[in-house]
Amino acid sequence: MALFDLPLEELHAYRSRSVEPEDFDAFWSATLEEARTHALDARFERCADLGLVTVDVYDVTFAGFGGHPVKGWFVIPAGATEPLPVVVEFIGYGGGRSLPHTHLLWASAGMAHFVMDTRGQGSGWAPGATADPVGSGPSLPGFMTQGIEDPATYYYRRLITDAVRAVEAARSHPLADASRTAAIGASQGGGLALAVGGLVADLAAVAPDVPFLCDFPRATRMTDRKPYREIGDYLKTHRGRAEQTDRTLAYFDGVHFAARGRAPALFSVAMEDLTCPPSTVFAAFNAYAHPDKEIEVYDFNDHEGGGPFQHAVQLARLPRLLKA
């Protein structure tokens with residue numbers, strides 16, 4: 001696919017038409033307050049016999065939305081004894097936390113790495129271990145329309161709450177330096193990192209790569225690639241619900257979380273990305289509130305974005321922000 005979206009000079013000026021709900025802050029404040037009525041109960045169980053000699057790995061369980069158990073991995077340099085900068089990572093759509101040996105990068109760079117599993121997912125391309133015990137009304141296969149009738153029941157209310165609680169769980173470990181915490185992720189993981197950046201006041205950095213869940217009014221009408229297309233297919237059957245659907249999605253739009261971003265940010269975007277069109281990424285980047293923000297542009301890439309090249313950029317820039 002050749003370039004299909006706005007030219008780069010127009011992308012730098014593009015603004016989303018997503019309308020922020022008047023009670024956006026109240027909605028999320030109440031949601032997180034409710035979640036915190038449940039004890040975090042973060043448990044770190046050391047994993048033995050993994051065949052890994054450069055890292056120590058912990059199997060993590062903590063209480064997410066509704067007190068539901070959420071899994072994760074906590075990976076640190078072997079033998080670490082002093083508190084470390086913490087990278088909290090969120091996973092792309094359909095994937096789960098996978099296996100520990102797939103998460104060696106950040107511990108190899110001398111940091112603690114917390115990988116949150118994704119409730120109800122983890123069967124598309126990487127295995128997961130976290131159930132979503134909440135049901136929904138009629139929805140299209142996938143996660144984008146589960147509970148979409150109302151913000152209170154929407155799937156991503158639960159997942160974003162899990163992500164905030166994951167930061168709290170990561171910071172609870174004695175080898176985590178809470179003052180040096182970054183939220184990162186690609187695609188859905190990037191959208192979750194943006195949400196966390198808007199909801200957690202004291203992060204040191206946010207790094208969303210080709211982020212999903214941004215600029216819903218444009219994304220759902222511009223691309224016919226899933227996951228966004230799940231919403232269009234749902235509305236083909238549930239005629240007349242577009243306005244209500246847009247209202248629900250506005251509570252979860254990365255553009256509005258970006259407007260509350262209080263940490264330095266490193267974005268990436270791919271100019272031939274049909275899954276997360278570049279204008280939707282720039283909508284979040286342009287709205288991002290913190291003045292220390294950068295975006296890496298990958299001209300000829302689809303949704304793989306920068307891949308290992310972007311990891312190299314992060315390795316060069318995040319340690320400065322985390323003072324690692």
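Scanning region 157-180 turns up one or more residues that are within 30 Å of Thr237 (Cα to Cα) and open to solvent by 10 Å² or more (accessible area, probe 1.4 Å). Number of residues in region 19-36 that are assigned to a loop (DSSP other than H, G, I, E, B) and open to solvent by 90 Å² or more (accessible area, probe 1.4 Å): the value is 3. Report yes if some residue within region 211-234 is under 16 Å from the mean Cα position of the chain (by Cα) and either among the basic types (Lys, Arg) or at pLDDT below 95 (or both); otherwise report no. No, every residue in region 211-234 fails to be under 16 Å from the mean Cα position of the chain (by Cα) and either among the basic types (Lys, Arg) or at pLDDT below 95 (or both).
Restricting attention to region 287-303, the residues that are surrounded by 18 or more Cβ atoms within 10 Å (Cβ to Cβ) and out of contact with any strand residue (DSSP E or B) (no Cβ under 7 Å at 6 or more places or on another chain) add up to 1. A single entry from Glu82, Glu149, Glu89 fulfils the requirement of being more than 20 Å from the chain's Cα centre (by Cα), in contact (Cβ under 8 Å) with a residue 40 or more places away in the chain, under 17 Å from Ala176 (Cβ atoms) and open to solvent by 30 Å² or more (accessible area, probe 1.4 Å): Glu82.
Only one entry in Thr54, Thr81, Thr145, Thr102 is under 30 Å from His238 (Cα atoms) and at pLDDT 95 or above, namely Thr145. Restricting region 49-79 to residues that are closer than 20 Å to Arg157 by Cβ and free of Cβ contacts under 8 Å to residues at least 60 places away in the same chain, the residue that is surrounded by the most Cβ atoms within 10 Å (Cβ to Cβ) is Lys71.
Asp132 meets the conditions (1) of a type in the set (D, E, K, R); (2) farther than 19 Å from Asp41 by Cα; (3) within 18 Å of the chain's Cα centre (by Cα) in every case but one. The failed one is (2). Return yes or no: is Gly96 part of a loop (DSSP other than H, G, I, E, B) and at pLDDT below 95? Taking the combined requirement at face value, the residue does not satisfy it.
Okay, residues lined up against (1) out of contact with any Asp or Glu (no Cβ under 9 Å at 6 or more places or on another chain); (2) not hydrophobic (A, V, I, L, M, F, W, C):
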| residue | (1), (2) |
| --- | --- |
| Ala258 | yes, no |
| Leu266 | no, no |
| Thr275 | no, yes |
| Ala283 | no, no |
| Phe300 | no, no |
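Take the residues in region 305-324 that are in a loop (DSSP other than H, G, I, E, B) and surrounded by fewer than 16 Cβ atoms within 10 Å (Cβ to Cβ), then tell me which one is modelled with the lowest pLDDT. This residue is Lys323.
Taking region 118-141 as the range and being under 22 Å from Gly72 (Cα atoms) and open to solvent by 30 Å² or more (accessible area, probe 1.4 Å) as the test, the residues that pass are Gly120, Ser123, Gly124, Trp125, Pro127, Gly128, Ala129, Ala131, Asp132, Pro133, Val134. Among the residues of region 246-283, just one is open to solvent by 10 Å² or more (accessible area, probe 1.4 Å), among the acidic types (Asp, Glu) and not in a helix (DSSP H, G or I), namely Glu272. Looking only at residues of region 209-221 that are among the aliphatic types (A, V, I, L, M) and in contact (Cβ under 8 Å) with a residue 60 or more places away in the chain, we find that the one that is nearest to Val297 (Cα to Cα) is Val210. A count restricted to region 1-18 and to residues that are open to solvent by 80 Å² or more (accessible area, probe 1.4 Å), in a loop (DSSP other than H, G, I, E, B) and more than 27 Å from Arg247 (Cβ to Cβ) stands at 3.
The values are calculated or read from the model by the stated rules, or taken from the named source; none is laboratory data. Please read these numbers as outputs of a predicted model, since none were measured by experiment. Here Cβ is always computed from backbone atoms with ideal geometry, including for glycine, and neighbour counts include all displayed protein chains. Surface accessibility is based on the protein's heavy atoms, side chains included, excluding ligands, DNA and RNA. Shrake-Rupley method; radii C 1.70, N 1.55, O 1.52, S 1.80 Å.
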